[in-house]
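The values are calculated or read from the model by the stated rules, or taken from the named source; none is laboratory data. Note that this is a predicted model, so its numbers are computed, not measured. Cβ placement follows ideal geometry from the backbone for every residue including glycine, while neighbour counts extend to all protein chains displayed. Accessible surface is based on the protein model in full, side chains and every heavy atom, while ligands, DNA and RNA are left aside. Shrake-Rupley method; radii C 1.70, N 1.55, O 1.52, S 1.80 Å.
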Amino acid sequence: MKIEEKAKCPYEKKCGGCKYQGIPYEKQLKEKEKKVRKLLKDFGKPEPIMGMDDPYYYRNKVHATYKHMRTGDIAVGRYEEGSHRLVPIDVCQIENQKADEVIQTIRKLAKSFKIKIYNEDSGYGLLRHVLIRTGRKTGEMLVVLVTASPVFPSKNNFVKALRKEHPEVTSVVLNINDKKTSMILGERNIVLYGKGYIQDELCGYTFRISPHSFYQINPVQTERLYKKAIRLADLKGKERVLDAYCGIGTIGMIASKHAKEVIGVELNREAVKDAIGNAKGNGVKNIRFYQADAGEFMVAMAERGESMDVVFMDPPRAGSAEAFLQSVARLAPKKIVYISCNPETMARDLKYLTKKKYEVSKICPVDMFPFTEHVECIVSMVRKEK
């Protein structure tokens, strides 16, 4: 399918989010394939990269920052890469278009409701950020207003005005971040409208997504990524499976219908709560979730003489700590399916695991982030018996 290329984004130089702006999509995919080949050449030849049919407007999670201008107007956009200078942006080629419209509406409403925009230097003001999450299959939309205080003047009228313009908004949450920090979200949430979360469907399962939930930002490619990961695990219905870094339980739940038993381990308490709710909501009976450090959990399992057939691991960009990899080697599953958003740290981790009786059987790059230089990768590993 021939992809119709859009005009180059006018903000690309200042925003810095899309390093591959102005490069035809086919060429972007070739560059990413080359990067994976170079980094993982010691472990085998990667399969051709899984690209998108339509690489635009894929992000289901959109974050915006607001700022008072000297003119008295309010600007909205993203921080310039590596700085705290705001780049005013109206629309973005990789973000959900409805979410971008809602962000602009909140800018107008903030002005008409005389909502003070938070100033990072003085610590004065109320509205810090807006975070929007959308469900691709369900169409539900969660708007998170990040404020420096729980006191939001005329909040009910503000929500009413927002929903009048955008009836697709199904929930509005006030998130309180009163700390001097570069973190976007604070710990406390106050539901102003709706359930305080949205739901989305992925690989036939429904998942609950709250403000803090980790959920992949490209739902089209996530389905393809997870289906491929499950295929690489080659489950026959008799296996015990461990989903380390399980988040809200996505991979583990999708694997559950192909396995005998699944255990999900996650450090984040809120994510575990969502994961348990997701399992109940989908009627999945052969999965259990634990709030714990995955490495320590695996060591404890090994000490009890328990075994696992397959371990799924999907660590953050920094990759896995050596202590975690030691724990995996100690538990000694027959297969490891490693999903990574950073092939550089993945190469480092694979080097360690291949010294611990594992060999790489498949390398599958997936383009989760078109127009950016990031590339996702799935690697399946098998334990050598001798």
(message) Taking θ = phi - 60°, what integer Hz values does the Karplus form 6.51 cos²θ - 1.76 cosθ + 1.60 yield along segment 53-66, in sequence order, with x for Gly and Pro?
(response) 6, 9, x, 9, 6, 8, 6, 8, 10, 10, 10, 9, 10, 10
(request) Hey, can you find the accessible area per residue of the chain for me, probe 1.4 Å, expressed in square angstrom? (result) 49
(request) Can you send over the carbon and sulfur percentage of the accessible area for segment 150-250, probe radius 1.4 Å, protein chains only? (result) 51
(request) Would you mind counting up the charge near Lys285? Only other residues with Cβ under 12 Å from its Cβ, with Lys and Arg at +1 and Asp and Glu at -1. (result) +3
(message) In whole percent, and with a 1.4 Å probe on the protein chains, what portion of the accessible area of segment 1-85 is carbon and sulfur?
(response) 51
(message) If I ignore ligands, DNA and RNA and count only protein heavy atoms, how much of Ile190 is accessible to a 1.4 Å probe, in Å² to the nearest 10?
(response) 50
(request) Would you work out if segment 214-355 is rounded, prolate or oblate? Take a ≥ b ≥ c from the square roots of the eigenvalues of the alpha-carbon gyration tensor; rounded if a/c is under 1.5, else prolate when a/b is larger than b/c, oblate otherwise. (result) rounded
(message) Full-extension gain between Glu168 and Ser154, please, as 0.36 nm times their residue separation minus the C-alpha to C-alpha distance.
(response) 2.9 nm
(message) Quick check: the angle from helix 219-233's long axis to the longest principal axis of the chain, C-alpha only, nearest 10 degrees?
(response) 10
(request) Would you mind checking which residues have amide H under 5 Å from Ile3's amide H? H placed 1.01 Å from N; only 5 or more apart, or other chain. (result) none
(message) Let's see if you can work this out: charge +1 on each Lys and Arg Cβ, -1 on each Asp and Glu Cβ, no other charges. What is the dipole magnitude of the chain about its Cα centre, in debye to the nearest 20?
(response) 160
(message) Given a 1.4 Å probe and heavy atoms of the protein chains only, how would you sort His68, His84, largest accessible area at the top?
(response) His84, His68
(message) Can you tell me, using C-alpha contacts under 8 Å and at least 6 residues apart, the relative contact order of the chain as a whole percent?
(response) 15
(request) Quick one: angle between helix 322-331 and the longest Cα principal axis of the chain, in degrees between 0 and 90, rounded to 10, please. (result) 40
(message) Tell me the accessible surface of Ser210 in square angstrom (1.4 angstrom probe, heavy atoms of protein chains only), to the nearest ten.
(response) 20
(message) Using the Cα centre of segment 274-374 as the reference point, and only Cβ charges (+1 on K/R, -1 on D/E), how large is the resulting charge dipole? Debye, rounded to the nearest 20.
(response) 400
(message) Need one word for segment 67-201: rounded, prolate or oblate. Basis is the Cα gyration tensor (sqrt eigenvalues a ≥ b ≥ c); a/c below 1.5 gives rounded, then a/b vs b/c decides.
(response) rounded
(request) Out of all DSSP beta bridges with both ends in the chain, state the antiparallel percent to the nearest 5. (result) 60
(message) Per residue of segment 264-274, what does 6.51 cos²θ - 1.76 cosθ + 1.60 with θ = phi - 60° give for ³J(HN,Hα)? Whole Hz please, x for Gly and Pro, Karplus curve as stated.
(response) x, 10, 8, 7, 6, 4, 5, 5, 5, 4, 4
(request) Compare the Cα positions of Val76, Thr181, Cys203 along the charge dipole of the chain (+1 at Cβ of Lys, Arg; -1 at Cβ of Asp, Glu; about the Cα centre) and return the one farthest towards the positive end. (result) Cys203
(request) State whether segment 319-386 is rounded, prolate or oblate according to the following rule on the C-alpha gyration tensor (a ≥ b ≥ c being the square roots of its eigenvalues): a/c under 1.5 gives rounded; otherwise a/b larger than b/c gives prolate, and the remaining case gives oblate. (result) prolate
(request) Would you work out the charge dipole size for segment 134-290 about its Cα centre, treating the Cβ of every Lys and Arg as +1 and the Cβ of every Asp and Glu as -1, and quote it to the nearest 20 debye? (result) 300
(request) Express the carbon and sulfur contribution to the solvent-accessible surface of segment 266-386 as a percent, rounded to the nearest whole number, probe 1.4 angstrom. (result) 50
(request) Give the label of the value calculated from the structure for Cα extents along the principal axes in Å, choosing from (i) 72, 43, 38; (ii) 61, 54, 44; (iii) 62, 48, 46. (result) (i)
(message) To test your reading of the geometry: what angle, between 0 and 90 degrees and rounded to tens, separates the Cα axis of helix 294-303 from the longest principal axis of the chain?
(response) 20
(message) Could you work out [θ]222 nm for the chain from helices alone, using -39500 (n - 2.57) per DSSP H run of at least four and dividing by all its residues? Round to the nearest 500 deg cm²/dmol.
(response) -9000 deg cm²/dmol
(request) Check cross-link reach from Lys273 to the lysines: straight Cα distance under 19 Å, and skip same-chain residues fewer than eight apart. (result) Lys195, Lys285
(message) Taking the full set of protein chains and a 1.4 angstrom probe, give the accessible area of Arg231 in square angstrom, rounded to the nearest 10.
(response) 150
(request) Identify, among Tyr215, Ile117, Leu235, the residue whose Cα sits farthest towards the positive end of the charge dipole of segment 101-260, taking +1 on the Cβ of Lys and Arg and -1 on the Cβ of Asp and Glu, with the dipole about the Cα centre. (result) Leu235
(request) Starting at the first residue of segment 125-134, write each ³J(HN,Hα) from the Karplus equation 6.51 cos²θ - 1.76 cosθ + 1.60 with θ = phi - 60°, in whole Hz, x for Gly and Pro. (result) x, 10, 7, 9, 9, 10, 10, 10, 10, 10
